[in-house]
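Taking it in order: structure first as structure tokens, then the write-up.
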Amino acid sequence: MQFEVFTLLPEVFSPYLESSILQRARQHGLIDVRVHNIRDYTHDKHHTTDDIPYGGGGGMVMKPEPIFEGVESILGPKAGCPIILLTPQGRVFNQTIAQELSGHEKIALICGRYEGVDERIRKHLVTDEISIGDYVLTGGEIPALILIDAVSRLIPGVLGDPDGAADDSHASGLLEYPHYTRPPEFRGESVPDILLSGDHAKIAKWRREQSLLRTLERRPDLLEKAQLTDEDHKFLLKQKGNR
Ligand code: ADE
């Protein structure tokens, strides 16, 4: 999968992409992240990428010409892939969107800076706008890295364990069950006996129940959309009755 990133801060990408699982994925040719400096597509002496807003007001606005030129020269006039602007005004990123994007061969990401981007970029260049949450950052670079990370780990082979992403929190619409590793007792707290029992059916049932319980306690909103079995519903009803 190929990511074409357009940014004014190309240097922030390599430290993360050169560590972590993403480095391995890149070395194995599973993902390819190309970072393009928007400033390289300016033609004036000062390499201007922003300007004051028409109508007045504070802040600066990213100019349309270098972004259009950069994206069109890298993707060609008919891109045929999603061109995503990272902006707090976009649809809020989640696991379903990550799944949807992981099906594409190529994605272009435009990182906004300053007060925003010229509206013509939204209207005539980008095909999608994504926010990583209801708060405002200084730019779209960290959001782009978050998107690259979440999408990449869904690509087959990126995680060492082929089922690695299947049990994730949010993958099934529920939060994940609690994990334990050695030692069996730590500071007076023991690992639940069932996890040491070797009974895989019982462990699976316990994990499902813990997952339901955790979601009920922390994110009850998720239960409305999760795919639940009759047994799940019965378990949840019992829990609600106990409260
Ligand atoms: N740029 C600034 N804040 C952002 C956010 N929350 N999501 C995506 N891009 C952003």
Suppose a student asked you for the relative contact order of segment 169-241, using Cα pairs under 8 Å spaced at least 6 residues apart; what percent would you report?
40 percent
Straight-line reach check, K238, cutoff 18 Å on alpha carbons, 8 or more apart in-chain or any other chain, hits among lysines -> K205
Cross-link candidates for K63: which lysines have Cα within less than 27 Å, leaving aside residues fewer than 8 places away along the same chain?
K45, K78, K106, K123
Semi-axes, largest first, in whole Å: what does sqrt of 5 times each Cα gyration tensor eigenvalue give for the chain?
43, 21, 16
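To the nearest 0.05, how large is the calculated FRET efficiency for S14 and R182 if R₀ is 51 Å and r is the Cβ-Cβ distance?
0.90
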Relative contact order (%) - the chain, alpha-carbon pairs under 8 angstrom, separation at least six
18 percent
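Give me the mean projected area, in nm² to one decimal, of the convex hull enclosing the Cα positions of segment 169-241. Present the calculation step by step, with values, prior to reporting the outcome.
Details: hull surface 23.2 nm².
Seen from a random direction, the Cα hull of segment 169-241 projects 5.8 nm² on average.
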FRET E, pair I155, Q227, Förster distance 22 Å, beta-carbon r, rounded to 0.05:
0.40
For every other residue with a beta carbon closer than 12 angstrom to the beta carbon of I130, add +1 if it is Lys or Arg and -1 if Asp or Glu, then tell me the sum.
-2
State to the nearest 20 debye the size of the charge dipole of the chain about its Cα centre, where the only charges are +1 on K and R beta carbons and -1 on D and E beta carbons.
540 debye
Whole-Å distance, taken between Cα centres, linking segment 209-227 and segment 1-40
35 Å
Cα-Cα pairs in segment 52-178 separated by more than 17 Å, as a whole percent of all pairs, come to 62 percent
Positive-end extreme of charge dipole, segment 1-53 - chosen from P53, L9, S19 (charges on Cβ)
S19
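Every number in this text was worked out from the coordinates using simple rules, so none of it is lab data. Predicted model only: the values in this text are computed from it and were never measured. Here Cβ is always computed from backbone atoms with ideal geometry, including for glycine, and neighbour counts include all displayed protein chains.
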